[in-house]
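Student: Shown below is the structure under consideration.
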Amino acid sequence: MRVAVIGVGHLGKHHARLYAEMSGAELVGVVDILPERAAEIAGVHQTRAFADYRELFGKVDAVSLAVPTMDHARIGADLLEHGIDVLVEKPLATTLDEARLLIDTAQGHGRILQTGHVERFNPVVTAAIEAATEPQFFEIHRLAAFTPRSLDIDVVLDLMIHDLDIVLHLVHSPVTEVRAVGIPILSRKADIANARVEFENGCVANLTASRVSYEKTRKLRFFQPHDYISVDYATQTGVVVSLRMGRVVERKLEPPEGEPLKIELESFVNCVRTRSAPVVSGEDGFRALALAIRINEAIAHRSK
(Lines give C-alpha, C1' and ligand atoms only; values in the text may rest on other atoms or scores of the structure.)
Protein backbone atom coordinates (compact mmCIF):
# COMPACT_ATOMS: atom_id res chain seq x y z
CA MET A 1 0.00 0.00 0.00
CA ARG A 2 1.61 3.24 -1.18
CA VAL A 3 0.86 6.09 1.23
CA ALA A 4 1.93 9.69 1.81
CA VAL A 5 1.30 12.50 4.28
CA ILE A 6 0.40 16.00 3.15
CA GLY A 7 1.29 18.48 5.87
CA VAL A 8 3.89 17.27 8.34
CA GLY A 9 3.51 19.79 11.12
CA HIS A 10 2.50 19.03 14.70
CA LEU A 11 0.17 16.15 13.83
CA GLY A 12 1.20 15.16 10.33
CA LYS A 13 4.69 14.21 11.44
CA HIS A 14 3.15 11.50 13.64
CA HIS A 15 1.16 10.19 10.68
CA ALA A 16 4.47 9.90 8.81
CA ARG A 17 6.13 8.11 11.73
CA LEU A 18 3.37 5.54 12.02
CA TYR A 19 3.09 4.86 8.29
CA ALA A 20 6.86 4.37 8.16
CA GLU A 21 6.62 1.76 10.93
CA MET A 22 3.56 0.02 9.52
CA SER A 23 3.96 -3.37 7.89
CA GLY A 24 2.06 -3.58 4.64
CA ALA A 25 2.43 0.14 3.92
CA GLU A 26 5.15 2.05 2.09
CA LEU A 27 5.61 5.72 2.97
CA VAL A 28 6.26 7.05 -0.53
CA GLY A 29 6.78 10.63 0.57
CA VAL A 30 5.77 13.63 2.63
CA VAL A 31 4.57 17.03 1.44
CA ASP A 32 4.83 20.41 3.15
CA ILE A 33 4.81 24.03 2.04
CA LEU A 34 7.96 24.47 4.15
CA PRO A 35 10.67 22.64 2.17
CA GLU A 36 13.00 22.36 5.15
CA ARG A 37 10.29 20.71 7.26
CA ALA A 38 9.40 18.24 4.50
CA ALA A 39 13.10 17.44 4.04
CA GLU A 40 13.60 16.92 7.78
CA ILE A 41 10.71 14.49 8.17
CA ALA A 42 11.58 12.71 4.93
CA GLY A 43 15.15 12.28 6.16
CA VAL A 44 14.03 10.77 9.45
CA HIS A 45 11.92 8.15 7.66
CA GLN A 46 14.12 7.65 4.61
CA THR A 47 11.51 8.74 2.11
CA ARG A 48 11.04 11.55 -0.42
CA ALA A 49 10.14 15.16 0.27
CA PHE A 50 7.71 16.98 -2.04
CA ALA A 51 6.79 20.65 -2.17
CA ASP A 52 3.53 20.16 -4.11
CA TYR A 53 0.91 17.52 -3.34
CA ARG A 54 0.17 17.15 -7.06
CA GLU A 55 3.53 15.45 -7.46
CA LEU A 56 1.93 12.46 -5.69
CA PHE A 57 -0.55 11.78 -8.51
CA GLY A 58 0.08 8.31 -9.87
CA LYS A 59 2.57 7.53 -7.11
CA VAL A 60 0.28 6.73 -4.13
CA ASP A 61 -2.88 4.81 -3.26
CA ALA A 62 -3.84 6.79 -0.17
CA VAL A 63 -2.87 9.86 1.83
CA SER A 64 -3.34 11.52 5.19
CA LEU A 65 -4.31 15.15 4.73
CA ALA A 66 -3.08 17.17 7.72
CA VAL A 67 -2.99 20.70 6.30
CA PRO A 68 -4.87 23.73 7.73
CA THR A 69 -8.64 23.20 7.72
CA MET A 70 -9.26 25.91 5.13
CA ASP A 71 -7.34 23.80 2.57
CA HIS A 72 -9.08 20.47 3.26
CA ALA A 73 -11.80 20.75 0.60
CA ARG A 74 -9.61 22.12 -2.18
CA ILE A 75 -6.77 19.63 -1.82
CA GLY A 76 -8.92 16.71 -0.68
CA ALA A 77 -11.29 16.94 -3.66
CA ASP A 78 -8.36 17.13 -6.08
CA LEU A 79 -6.81 14.01 -4.56
CA LEU A 80 -10.10 12.10 -4.69
CA GLU A 81 -10.63 13.10 -8.32
CA HIS A 82 -7.22 11.64 -9.13
CA GLY A 83 -8.11 8.24 -7.65
CA ILE A 84 -6.47 8.63 -4.23
CA ASP A 85 -8.21 7.57 -1.00
CA VAL A 86 -8.02 10.25 1.69
CA LEU A 87 -8.00 10.46 5.48
CA VAL A 88 -8.81 14.08 6.32
CA GLU A 89 -7.84 15.31 9.75
CA LYS A 90 -10.67 16.81 11.76
CA PRO A 91 -12.58 18.99 11.28
CA LEU A 92 -13.56 17.69 7.86
CA ALA A 93 -13.82 21.21 6.42
CA THR A 94 -14.58 24.81 7.38
CA THR A 95 -18.12 24.85 5.96
CA LEU A 96 -20.85 22.30 5.33
CA ASP A 97 -20.70 23.03 1.59
CA GLU A 98 -17.00 22.16 1.57
CA ALA A 99 -17.65 19.00 3.59
CA ARG A 100 -20.40 17.95 1.18
CA LEU A 101 -18.03 18.56 -1.75
CA LEU A 102 -15.55 16.08 -0.26
CA ILE A 103 -18.25 13.48 0.39
CA ASP A 104 -19.79 13.82 -3.07
CA THR A 105 -16.40 13.73 -4.79
CA ALA A 106 -15.43 10.57 -2.93
CA GLN A 107 -18.71 8.89 -3.86
CA GLY A 108 -18.52 10.05 -7.46
CA HIS A 109 -15.06 8.61 -7.95
CA GLY A 110 -15.45 5.46 -5.88
CA ARG A 111 -12.90 6.61 -3.30
CA ILE A 112 -12.66 6.15 0.47
CA LEU A 113 -13.00 9.27 2.60
CA GLN A 114 -12.27 8.92 6.32
CA THR A 115 -12.55 11.72 8.87
CA GLY A 116 -9.74 11.85 11.41
CA HIS A 117 -11.70 11.74 14.67
CA VAL A 118 -8.95 9.87 16.46
CA GLU A 119 -10.68 9.51 19.84
CA ARG A 120 -13.09 7.03 18.26
CA PHE A 121 -10.08 4.68 18.10
CA ASN A 122 -9.02 5.21 21.71
CA PRO A 123 -9.25 1.71 23.26
CA VAL A 124 -11.05 2.92 26.39
CA VAL A 125 -13.58 4.85 24.28
CA THR A 126 -14.20 1.69 22.27
CA ALA A 127 -14.86 -0.14 25.54
CA ALA A 128 -17.20 2.60 26.74
CA ILE A 129 -19.12 2.55 23.44
CA GLU A 130 -19.60 -1.20 23.88
CA ALA A 131 -21.00 -0.58 27.36
CA ALA A 132 -23.40 2.14 26.18
CA THR A 133 -27.09 1.28 25.91
CA GLU A 134 -29.20 4.43 26.14
CA PRO A 135 -27.12 7.45 27.29
CA GLN A 136 -29.27 10.18 28.83
CA PHE A 137 -26.73 12.69 30.15
CA PHE A 138 -23.14 13.51 29.22
CA GLU A 139 -20.60 15.60 31.14
CA ILE A 140 -17.43 16.08 29.08
CA HIS A 141 -14.30 18.15 29.77
CA ARG A 142 -11.42 18.64 27.36
CA LEU A 143 -8.84 21.13 28.65
CA ALA A 144 -5.44 21.78 27.09
CA ALA A 145 -2.59 24.26 27.32
CA PHE A 146 -2.35 27.01 24.72
CA THR A 147 -0.24 26.34 21.64
CA PRO A 148 0.15 28.58 18.57
CA ARG A 149 -1.16 25.87 16.23
CA SER A 150 -4.68 25.52 14.82
CA LEU A 151 -5.42 29.19 15.35
CA ASP A 152 -7.24 29.26 12.01
CA ILE A 153 -10.14 27.63 13.86
CA ASP A 154 -11.81 28.14 17.25
CA VAL A 155 -11.76 25.77 20.21
CA VAL A 156 -15.07 24.15 19.20
CA LEU A 157 -13.66 23.04 15.84
CA ASP A 158 -10.21 22.41 17.30
CA LEU A 159 -11.00 20.38 20.44
CA MET A 160 -14.69 20.03 21.28
CA ILE A 161 -15.45 18.43 17.92
CA HIS A 162 -13.75 15.21 19.10
CA ASP A 163 -16.39 14.82 21.78
CA LEU A 164 -19.24 15.95 19.55
CA ASP A 165 -18.40 13.06 17.24
CA ILE A 166 -18.55 10.56 20.12
CA VAL A 167 -21.83 11.95 21.48
CA LEU A 168 -23.44 11.84 18.02
CA HIS A 169 -22.20 8.28 17.58
CA LEU A 170 -23.88 7.24 20.84
CA VAL A 171 -27.11 9.25 20.66
CA HIS A 172 -29.36 8.24 17.80
CA SER A 173 -31.72 11.17 17.98
CA PRO A 174 -32.00 14.62 16.34
CA VAL A 175 -30.63 17.68 18.13
CA THR A 176 -33.46 19.96 19.27
CA GLU A 177 -31.67 22.78 21.09
CA VAL A 178 -28.17 24.17 21.47
CA ARG A 179 -27.05 26.75 24.03
CA ALA A 180 -23.43 27.84 24.22
CA VAL A 181 -20.98 30.46 25.39
CA GLY A 182 -17.43 31.03 24.20
CA ILE A 183 -14.69 33.54 24.94
CA PRO A 184 -11.58 34.56 22.96
CA ILE A 185 -8.65 34.91 25.36
CA LEU A 186 -5.29 34.47 23.63
CA SER A 187 -6.49 34.44 20.03
CA ARG A 188 -9.15 36.20 17.96
CA LYS A 189 -11.44 33.17 18.12
CA ALA A 190 -13.10 31.44 21.08
CA ASP A 191 -10.44 29.70 23.17
CA ILE A 192 -12.80 28.35 25.82
CA ALA A 193 -16.38 27.24 25.26
CA ASN A 194 -19.24 25.46 26.96
CA ALA A 195 -22.20 23.96 25.14
CA ARG A 196 -25.43 22.34 26.25
CA VAL A 197 -26.91 20.14 23.54
CA GLU A 198 -30.41 18.68 23.92
CA PHE A 199 -31.75 15.80 21.84
CA GLU A 200 -35.28 14.84 20.85
CA ASN A 201 -35.15 11.67 22.97
CA GLY A 202 -34.42 13.72 26.11
CA CYS A 203 -30.67 13.17 26.25
CA VAL A 204 -28.56 16.17 27.28
CA ALA A 205 -24.85 16.68 26.63
CA ASN A 206 -22.86 19.29 28.54
CA LEU A 207 -19.46 19.88 26.97
CA THR A 208 -16.58 22.15 27.99
CA ALA A 209 -13.45 22.70 25.91
CA SER A 210 -10.50 24.98 26.60
CA ARG A 211 -7.13 25.52 24.97
CA VAL A 212 -5.95 28.00 27.60
CA SER A 213 -5.74 25.80 30.70
CA TYR A 214 -2.80 25.02 32.96
CA GLU A 215 -4.07 21.52 33.58
CA LYS A 216 -4.67 18.90 30.93
CA THR A 217 -7.98 17.10 31.26
CA ARG A 218 -9.75 14.81 28.81
CA LYS A 219 -12.68 13.10 30.49
CA LEU A 220 -15.96 11.65 29.29
CA ARG A 221 -18.77 10.78 31.70
CA PHE A 222 -22.25 9.63 30.80
CA PHE A 223 -25.29 8.25 32.57
CA GLN A 224 -27.86 5.78 31.29
CA PRO A 225 -30.54 3.67 33.00
CA HIS A 226 -28.80 1.66 35.75
CA ASP A 227 -25.25 2.74 34.71
CA TYR A 228 -22.69 5.51 35.21
CA ILE A 229 -19.69 5.33 32.88
CA SER A 230 -16.55 7.43 33.36
CA VAL A 231 -13.60 7.50 30.97
CA ASP A 232 -10.21 9.18 31.06
CA TYR A 233 -9.05 9.55 27.46
CA ALA A 234 -5.44 10.24 28.40
CA THR A 235 -4.82 7.31 30.76
CA GLN A 236 -7.10 4.99 28.75
CA THR A 237 -8.87 3.89 31.91
CA GLY A 238 -12.48 4.00 32.99
CA VAL A 239 -15.14 2.57 35.23
CA VAL A 240 -18.71 1.37 34.91
CA VAL A 241 -20.82 1.69 38.06
CA SER A 242 -24.08 -0.21 37.77
CA LEU A 243 -27.16 -0.98 39.81
CA ARG A 244 -27.98 -4.65 39.42
CA MET A 245 -30.71 -6.38 41.45
CA GLY A 246 -30.49 -3.77 44.19
CA ARG A 247 -26.69 -3.95 44.43
CA VAL A 248 -24.10 -1.44 43.24
CA VAL A 249 -21.52 -3.16 41.07
CA GLU A 250 -18.29 -1.50 39.90
CA ARG A 251 -16.38 -2.73 36.87
CA LYS A 252 -13.13 -1.24 35.63
CA LEU A 253 -12.54 -0.52 31.96
CA GLU A 254 -8.94 -1.54 31.31
CA PRO A 255 -8.66 -2.38 27.62
CA PRO A 256 -5.30 -3.32 26.09
CA GLU A 257 -3.26 -0.15 25.64
CA GLY A 258 -2.81 1.16 22.15
CA GLU A 259 -1.87 4.40 20.41
CA PRO A 260 -5.18 5.74 19.05
CA LEU A 261 -3.57 7.34 16.00
CA LYS A 262 -1.80 4.09 15.11
CA ILE A 263 -5.07 2.17 15.40
CA GLU A 264 -6.80 4.81 13.27
CA LEU A 265 -4.20 4.65 10.48
CA GLU A 266 -4.16 0.86 10.50
CA SER A 267 -7.94 0.92 10.16
CA PHE A 268 -7.71 3.39 7.26
CA VAL A 269 -5.12 1.32 5.42
CA ASN A 270 -7.23 -1.79 5.91
CA CYS A 271 -10.27 0.00 4.46
CA VAL A 272 -8.21 1.05 1.45
CA ARG A 273 -6.95 -2.49 0.96
CA THR A 274 -10.34 -4.19 1.36
CA ARG A 275 -12.46 -1.36 -0.14
CA SER A 276 -14.62 -1.35 2.98
CA ALA A 277 -16.41 1.56 4.70
CA PRO A 278 -14.30 3.49 7.23
CA VAL A 279 -15.14 3.46 10.93
CA VAL A 280 -15.45 7.25 10.85
CA SER A 281 -16.92 8.22 7.50
CA GLY A 282 -17.19 11.52 5.70
CA GLU A 283 -20.83 11.64 6.78
CA ASP A 284 -19.74 11.26 10.42
CA GLY A 285 -17.39 14.18 9.92
CA PHE A 286 -20.21 16.16 8.32
CA ARG A 287 -22.54 15.60 11.29
CA ALA A 288 -19.89 16.61 13.83
CA LEU A 289 -19.06 19.71 11.78
CA ALA A 290 -22.74 20.64 11.49
CA LEU A 291 -23.19 20.49 15.26
CA ALA A 292 -19.94 22.41 15.86
CA ILE A 293 -21.12 25.16 13.50
CA ARG A 294 -24.47 25.27 15.28
CA ILE A 295 -22.66 25.69 18.60
CA ASN A 296 -20.55 28.51 17.17
CA GLU A 297 -23.71 30.19 15.88
CA ALA A 298 -25.15 30.01 19.40
CA ILE A 299 -21.93 31.52 20.78
CA ALA A 300 -22.08 34.34 18.24
CA HIS A 301 -25.75 35.03 19.00
CA ARG A 302 -25.08 35.19 22.73
CA SER A 303 -22.16 37.60 22.32
CA LYS A 304 -24.19 40.16 20.35
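The values are calculated or read from the model by the stated rules, or taken from the named source; none is laboratory data. Please read these numbers as outputs of a predicted model, since none were measured by experiment. FYI the Cβ positions are ideal-geometry reconstructions off the backbone, even for glycines, and counts take in every protein chain you see.
Student: Please indicate, with yes or no, whether at least one residue in region 132-140 is free of Cβ contacts under 8 Å to residues at least 24 places away in the same chain, in the same structural domain as Val241 (by TED's automatic domain parsing) and assigned to a strand (DSSP E or B).
Tutor: No - not one qualifying residue is present in region 132-140.
Student: Here's a follow-up. If Arg302 satisfies all but one of (1) assigned to a helix (DSSP H, G or I); (2) at pLDDT 95 or above, what's the number of the condition it fails?
Tutor: (2)
Student: All but one of (1) in a helix (DSSP H, G or I); (2) surrounded by fewer than 22 Cβ atoms within 10 Å (Cβ to Cβ); (3) among the acidic types (Asp, Glu) hold for Asp152; state the number of the condition that does not hold.
Tutor: (1)
Student: Examine region 173-181 for a residue that is at negative phi, hydroxyl-bearing (Ser, Thr, Tyr) and over 17 Å from the mean Cα position of the chain (by Cα), and state whether such a residue exists.
Tutor: yes
Student: Here are some residues: Leu96, Leu56, Leu80. Which one is outside the structural domain of Asp232 (by TED's automatic domain parsing), of a type outside the set (Asp, Glu), out of contact with any Pro (no Cβ under 8 Å at 6 or more places or on another chain) and surrounded by fewer than 18 Cβ atoms within 10 Å (Cβ to Cβ)?
Tutor: Selected residue: Leu96, the only one of Leu96, Leu56, Leu80 that is outside the structural domain of Asp232 (by TED's automatic domain parsing), of a type outside the set (Asp, Glu), out of contact with any Pro (no Cβ under 8 Å at 6 or more places or on another chain) and surrounded by fewer than 18 Cβ atoms within 10 Å (Cβ to Cβ).
Okay, residues lined up against (1) in a helix (DSSP H, G or I); (2) touching a residue at least 24 places away in the same chain (Cβ under 8 Å); (3) outside the structural domain of Lys13 (by TED's automatic domain parsing); (4) of a type outside the set (A, V, I, L, M):
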site: Val231; (1), (2), (3), (4): no, yes, yes, no
site: Ala234; (1), (2), (3), (4): no, no, yes, no
site: Gly238; (1), (2), (3), (4): no, yes, yes, yes
site: Lys252; (1), (2), (3), (4): no, no, yes, yes
site: Leu265; (1), (2), (3), (4): yes, yes, yes, no
site: Ser276; (1), (2), (3), (4): no, no, yes, yes
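Student: Looking for something out of contact with any Phe, Trp or Tyr (no Cβ under 8 Å at 6 or more places or on another chain), in a helix (DSSP H, G or I) and of a type in the set (A, V, I, L, M, F, W, C) - is there at least one such residue anywhere in region 26-40?
Tutor: The answer is yes, given that some residue of region 26-40 is out of contact with any Phe, Trp or Tyr (no Cβ under 8 Å at 6 or more places or on another chain), in a helix (DSSP H, G or I) and of a type in the set (A, V, I, L, M, F, W, C).
Student: Do you know which residues across region 140-157 are modelled with pLDDT of 95 or more and over 19 Å from Phe222 (Cα atoms)?
Tutor: Correct list: Val155, Val156, Leu157.
Student: Let me ask you something else. Check off (1) assigned to a loop (DSSP other than H, G, I, E, B); (2) farther than 22 Å from Asp154 by Cα; (3) small (Gly, Ala, Ser) for Ala77 and give me the number that stays unchecked.
Tutor: (1)
Student: List the pairs whose first member sits in region 92-110 and is touching a residue at least 24 places away in the same chain (Cβ under 8 Å), whose second member is surrounded by fewer than 18 Cβ atoms within 10 Å (Cβ to Cβ) and small (Gly, Ala, Ser), and whose Cβ atoms are under 7 Å apart, counting only residues at least 6 apart or on separate chains?
Tutor: Leu96/Ala290; His109/Gly83
Student: Same structure again: With respect to Thr147, is the statement that it is in a helix (DSSP H, G or I), among the polar types (S, T, N, Q) and in contact (Cβ under 8 Å) with a residue 12 or more places away in the chain true?
Tutor: It is false that Thr147 is in a helix (DSSP H, G or I), among the polar types (S, T, N, Q) and in contact (Cβ under 8 Å) with a residue 12 or more places away in the chain.
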